[in-house]
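Encoded as structure tokens, the structure appears first; notes follow it.
Taken together, the values in this text are just the output of simple stated rules run on the coordinates, not laboratory data. This one's a predicted model, so the numbers in the text were calculated from it and none came from an experiment. Heads up, the Cβs are rebuilt from the backbone with ideal geometry, glycines too, and the neighbour counts pull from every protein chain shown.
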Amino acid sequence: MLEQDYESGRRSSCSARYIVYVVDSLQNSASLAVAEQLLQLFDSHLRRRGRAESTRRQYAYSLRPFGEWLGARGVGDLTVGDLELFLTHWEAEFQLRNGHPPSAATMRGTIGALRVFFAYLEQADLLLGSDGARGRSPVRALHSPPCPQRPNDFLRPYEDRALLTVDVPHHHAAIVWLLRYTGLRVAEAHALTVADVDLTPEREAIAIQVSKTPAGSRIIPVLPQLLPLLHEHLAHVRRRTGGSASAPLLATKHGTPVTTNYMWRVVKRVAFEAGVRPVACTCGTTRQDRHTRGCPRTSSGENRSAVSPHTLRRTFGSDLINRGLRLEAVSRLLGHSNTTITERAYAQLLAPTIRRELFEAFAGELGREAASGVEMAGTGSSLPDEVTRGRRYQAVA
């Protein structure tokens, strides 16, 4: 009798524990569904604002761990302390997964994604607590770690020449030359069609229709250096596609657009062939396509050079600034949303340009005053020697 009672009690206890487990699982599923729904609403918001697919993917990647961690909590109930706990948990998971802690830039990116996400929830009246009350964004009190601007990795003249003159297949050269002489982002190049290229004499230009921001939609004049190769490439594409205007400008043999990852690999391969900033292998493998994890070449072996598509974009912008183009024009050609971004990225190049313009301005005034024999007002002395040698300073700058 006692054994039967014990067995009956044990079964009841197991059933109770199973019911609790099922209820907890349903609650967790429901909370995950709510978090997932909020992230989907945020993604739809980004799409309506015209954000590029790559930008939306980056937000999704940064916010996915937060959605999984959120659990049954209401987003409106979260405090600054809760977010600090999440970031600590996220850092530990990152180190466990990658073998090293996240960089300051990665941390800033995650906090930035949280800031934009919570700003959207607040604006859309979705920042609600478990009791339905509206909450206040706790991200405002979070501080991002300082992250200095990366040095401009533009190609030096001898590297630029080596990259553009190396003997490579036509479709590789087309990608490298297009990125180098237009400053396109890879996602923008990926979206180009034949119809976006106008080679009418005196009006040669490329129209950027798809970009990561609204400011990225722009018209880029085709430089003379790029024109011969672009004519050849367009003729090649038209032969293969039957003259279709909607055909991708950079296409595979099947007629589909080349991927951004493929363009990344092509730039790396061409730079390696040209001997420009090669990356050494440290794992000693004999296979080119299989490297040990942790090797600078990456496990696929594709990271053969430190040159990337963004290096070519920086080279294009640096070349324009070195030639004296105004900052506003450079910013527009690069598709930056404002000149602050351009100024921060090219600060080291702007100093000589500003110096050159300053001395040119004073050199013109000196010429006028020398012609009239008038000295500087109120000083009784003529312009400093530095200003009179403005042309020499221009050559040095």
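A few notes on this one:
- 3J(HN,Hα) from dihedral phi, segment 123-134, Karplus parametrisation 6.51/-1.76/1.60, rounded to Hz, x for glycine, proline: 5, 8, 6, 9, 8, 10, x, 5, 8, x, 7, 6
- Think of segment 223-371 as having a plus end and a minus end, set by charges on the Cβ of Lys, Arg, Asp and Glu; of THR260, LEU333, GLY294, GLY294 sits farthest toward the positive end of this dipole.
- J(HN,Hα) series, segment 42-59, from Karplus relation 6.51 cos²θ - 1.76 cosθ + 1.60, nearest Hz, glycine and proline x: 5, 5, 5, 4, 5, 5, 5, 7, x, 5, 5, 4, 5, 5, 5, 5, 5, 4
- Take every pair of alpha-carbon atoms less than 8 Å apart whose residues are at least six positions apart; their mean separation over the length of segment 51-133 yields a relative contact order of 45 percent.
- Given +1 at the Cβ of Lys and Arg, -1 at the Cβ of Asp and Glu and no other charges, the dipole of segment 43-130 around its Cα centre is 500 debye to the nearest 20.
- For segment 157-331, the Cβ-based charge dipole about the Cα centre amounts to some 620 debye (Lys, Arg positive; Asp, Glu negative; other atoms uncharged).
- Given charges at Cβ of Lys, Arg, Asp, Glu: segment 267-325 dipole, positive-most of GLY275, LEU320, PRO309: PRO309
- Karplus 3J(HN,Hα) series, Hz, for segment 218-228 with 6.51 cos²θ - 1.76 cosθ + 1.60 (x for Gly, Pro): 7, 10, 10, x, 7, 6, x, 4, 8, 4, x
- Residues whose amide H falls under 5 Å from that of ARG218, counting only those 5 or more places apart or on a different chain, are ILE208, with hydrogens built in the peptide plane.
- Amide H contacts for ALA251 (H built 1.01 Å from N in the peptide plane; partners 5 or more residues away or on another chain; cut-off under 5 Å): VAL258.
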